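For reference, the structure discussed in these notes is given below.
The values are calculated or read from the model by the stated rules, or taken from the named source; none is laboratory data. Since the structure is predicted, the reported quantities are computational estimates derived from the model, not experimental observations. Glycine also receives a Cβ, built like all others from the backbone with ideal geometry; neighbour counts cover every protein chain displayed.
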Amino acid sequence: MQTRYSLSNDRTVLGITVLAFFIPSLFYFGILLPFRQSMSAVEITAGSIAVFSLLFVLSAWGLAKDRVHLDIGRKKVFLAILLSIGGWAIYAGLQLAFSMDSLSNIGLTLGKLAAWPRVLGWVCTWLFTGFAEELLFRGYFLAKIKHILGQMGNKRPMMIAAVLANAIFALWHIPNRAYQVITGQLSLGMAILSLAVVFVMAAGFTYLYVRSQNILLVGMVHGLVDLPIVGDQNYASALILIVIGLFEVLLLIDKRRQKVKSTQLSSISI
């Protein structure tokens, strides 16, 4: 007789979920909100690094405990770099072509910043934000929720797991949006709208991950969306669609190549 799954008995996923939500809440409301006036940009960046470093720890804990294997081979590393750079180049070209930005404005903006804060900001965004979030939400939560639904006998575990993982990802951003509302950076309406946008973007990340099974690719694209360098960041979500399109084209080319190869082998054997 198959034992029915009980979430209350799964201490790992419960612990990771609680800590994943507690850590940013502590940072924004226990540290940043009361001390924001006296904290320097470097100290705030260091706090953000600490938060995302702990996400790496939570991801490693969950992946190891539940024996979730993420395939990271040379081919996938190469594909991640190729598609990320290619997608960003297309995005940047579109930004420049439609006068959303210009090379002179980009140079002026970058020239106003000292080298080390700029590099630090890029590293934090691309490495910690992109990879840490994708490793936890797409790498661990998506696989874990799918496994749970499978044990519960659900007939469409991946579809429902994707929706739930995307929802968890959007809800995880509530402390950040609440902090922005409290400090006057966002209105309540805009904060709610931004959470809906985060959910939609998460759907794009999830689709790319499910199709490619390449967590490095999704992490790199996520980092580029958060900090695209070129143009208005409001348009950066288009990067997800561009990279998805590039991946699907490569997949189609590979399928046709395999079909031609199979046909050739069949004719030789005959």
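So here's what we get for this one:
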| item | result |
| --- | --- |
| Single unsatisfied condition, Leu55 versus (1) surrounded by 12 or more Cβ atoms within 10 Å (Cβ to Cβ); (2) more than 14 Å from Ala132 (Cα to Cα) | (2) |
| Subset of the range 175-198 [more than 16 Å from the chain's Cα centre (by Cα), without any contact (Cβ under 8 Å) to a residue 24 or more places away in the chain and in a helix (DSSP H, G or I)] | Arg177, Gln180, Val181, Leu188, Gly189, Met190, Ala191, Ile192, Leu193 |
| Residues of the range 92-146 satisfying the condition of being part of a helix (DSSP H, G or I), modelled with pLDDT under 75 and touching an Asp or Glu at 6+ places or on another chain (Cβ under 7 Å) | Thr125 |
| Residue within the range 230-237 that is farther than 20 Å from Asn176 by Cβ and touching a Gly at 6+ places or on another chain (Cβ under 7 Å) present | no |
| Any hit, the range 74-95, residues being more than 24 Å from Ile215 (Cβ to Cβ) and surrounded by fewer than 17 Cβ atoms within 10 Å (Cβ to Cβ) | yes |
| Some residue of the range 157-166 being farther than 23 Å from Leu32 by Cβ, touching an Asp or Glu at 6+ places or on another chain (Cβ under 7 Å), touching a residue at least 12 places away in the same chain (Cβ under 8 Å) and part of a helix (DSSP H, G or I) | no |
| Residue that is nearest to the chain's Cα centre (by Cα), among those in the range 58-73 that are surrounded by 15 or more Cβ atoms within 10 Å (Cβ to Cβ) and assigned to a helix (DSSP H, G or I) | Ser59 |
